[in-house]
Amino acid sequence: MHSDVVASRSADPRDSRESRNGTSPNLDAVSLAIIEQLQEDGRRPYAAIGKAVGLSEAAVRQRVQKLLDQGVMQIVAVTDPLTVGFRRQAMVGIHVEGDVESVADALTAMPECEYVVMTAGSFDLMVEIVCEDDDHLLEVINRRIRAIPGVRSTESFVYLKLKKQTYMWGTR
């Protein structure tokens, strides 16, 4: 298990995305540099980050807290599902009849659904599922997802091998 920082920011500085408190966060070059330092190592000491970005340890601590409070980033432990007993991952495309949001809400409540995304395109929803094995995956798709009112059809894309997974968006 390692710790990662998940930061989200558009490449366009005029992006009007709002933080949790309703204001647009102002990310200057120093804040972006702090985020990059934490993306490399979420446990990096504030003193080391301060040296790298030209601030004191206290100033880094304040900036990090502000970024967390604004919802710009999270500091989380990221596990590898294979090493903790979850041997099957899949992306499931879902066609919905009726209210997409109510189906998305039902999927969000399922612990196996790691990501639930409303999309425009071939599917109404894309859901990443992490399961213990094929039987568990079958149970989740067949008995739980397909039983949600409004789910018209599903298409599963079973992961054979994960080649890349990063959380470096927003700074590069």
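The values are calculated or read from the model by the stated rules, or taken from the named source; none is laboratory data. From a predicted model like this one, the values you see are computed outputs, not experimental measurements. Ideal geometry is used to build each Cβ from the backbone, glycine not excepted, and the neighbour counts take in all protein chains shown. All accessible areas refer to the heavy atoms of the entire protein, side chains included, with ligands and DNA or RNA removed. Shrake-Rupley method; radii C 1.70, N 1.55, O 1.52, S 1.80 Å.
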Notebook entry, point to check: If you place +1 on the Cβ of every Lys and Arg and -1 on the Cβ of every Asp and Glu, how big does the dipole about the Cα centre of the range 52-172 come out, in debye to the nearest 20?
Noted result: 580 debye
Check: For the range 164-169, what does the Karplus curve 6.51 cos²θ - 1.76 cosθ + 1.60, with θ = phi - 60°, yield as ³J(HN,Hα) per residue in whole Hz, taken in order and with x for Gly and Pro?
Finding: 8, 8, 10, 10, 9, 5
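Ignoring ligands, DNA and RNA, what percent of the 1.4 Å accessible area of the range 49-108 is carbon and sulfur? Could the numbers behind the result be given before it?
Values: 1600 of 3290 Å².
Of all accessible area on the range 49-108, carbon and sulfur atoms account for 49 percent.
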Notebook entry, point to check: Check V78: other-chain or 5+ apart residues with amide H under 5 Å from its amide H, H built from backbone geometry?
Noted result: H2, S3, D4
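Leaving out ligands and nucleic acids, and using a 1.4 Å probe, what accessible area per residue does the range 34-156 come to in Å²? Walk me through the numbers before you get to the answer.
On the way: 6840 Å² over 123 residues.
Heavy-atom SASA per residue in the range 34-156 reads 56 Å².
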Checklist line | Given charges at Cβ of Lys, Arg, Asp, Glu: the range 70-172 dipole, positive-most of C113, H136, V76 | finding: V76
Notebook entry, point to check: Under 5 Å between amide H atoms, partner at least 5 residues away or on a different chain: which partners does D124 have, H built in plane at 1.01 Å?
Noted result: I94, H95, V96
Notebook entry, point to check: Using 7 Å Cα-to-Cβ label points, what is the E132/A48 separation (nm, one decimal)?
Noted result: 3.8 nm
Notebook entry, point to check: When the accessible area of the range 131-172 is computed with all protein chains present and a 1.4 Å probe, what percentage of it is carbon and sulfur?
Noted result: 51 percent
